[in-house]
Amino acid sequence: MLAVTFALAPLALVPGTAGAQDDTVFATQSQIRQLERRLERVERVLDSSAMNELLQVSESLSRDLRELRGEVETLRHEMNRLSTRQRDQFRHLDERVGAFESGAVATDAAPREEVVELDLPEADEQAAYQAAFDDLMAGDYTTAMRKLEQFIEDYPEGNFTANAWYWLAEAKYASGEFEAALEDFERLREDFPESDKGGDALLKIGYAHYELQNFDAAREALEAVRADYGGTTLDRLARERLRRIEDSQ
């Protein structure tokens, strides 16, 4: 818009047209200023509207993500239980077939019903974990943290204990308690090295160090994620955070 103003200014120097064109230039400049002010007001309105819309979309996506994580968590535990039961059934069947082939079982013996003992969570344990997890998904991090801490105290070696440590750390991270979250993520990886949450915890260790501006430690953790989980979503998230570290330095 300034370029338009400068382009119009030389018209005032043309002989014989100075008076009329001075008025024209002045009027045009005034109109341009008015248009600029109107445009600024429109841009402010648009920026405000767009920002509110983005915030709403972000909150909606966050809720959806929490719900999906809850569903995945439930399905994963159900799959693990079914897989355990199937393995046990096949193992017992294989033992019986092997015993039959070796002559240890008489051919006329009546079939004996096998009792499979599964290490399934108690109803109280599962209910306590689900209650804490529901609060977390609802965004009530304070209540979720309290319930998860109580769950870990009540079931230190339970079926959901490793996941409880992970979500406790997540709740602290979401609340801005990055140092406390970092300790819990590291505790999870140390005490439960076989947990399927290990990769996510390693990624969040990098995130927590990043928030604490421990960039060297953050880079080390994120590079470890890339090395161990190449080609996965964890790898992509680690690359994005590494890029932000490079841009900030």
Matching residues in segment 208-249 (closer than 23 Å to Leu168 by Cα, among the hydrophobic types (A, V, I, L, M, F, W, C) and part of a helix (DSSP H, G or I)) number 10
Flagged pairs (Cβ under 9 angstrom, 6 or more apart or on separate chains; first in segment 211-235, surrounded by 14 or more Cβ atoms within 10 Å (Cβ to Cβ); second aromatic (Phe, Trp, Tyr) and not in a helix (DSSP H, G or I)) are Asp235/Tyr229
Here the residues within segment 142-165 that are of a type in the set (Phe, Trp, Tyr) and buried (at least 21 other Cβ atoms within 10 Å of the Cβ) are Phe151, Phe160, Trp165
Scanning segment 212-240 residue by residue, those under 15 Å from the mean Cα position of the chain (by Cα) and among the charged types (D, E, K, R) turn out to be Asp235, Arg236, Arg239, Glu240
Exception for Asp200 within (1) at pLDDT 95 or above; (2) surrounded by fewer than 16 Cβ atoms within 10 Å (Cβ to Cβ) falls at (2)
Out of (1) among the aromatic types (Phe, Trp, Tyr); (2) within 20 Å of Asp200 (Cα to Cα); (3) crowded, with 20+ Cβ neighbours inside 10 Å, the one Phe178 does not meet is (3)
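The values are calculated or read from the model by the stated rules, or taken from the named source; none is laboratory data. All values reported here derive from a predicted model rather than from experimental measurement. So basically every Cβ, Gly included, is an ideal-geometry build from the backbone, and we count neighbours across all protein chains shown.
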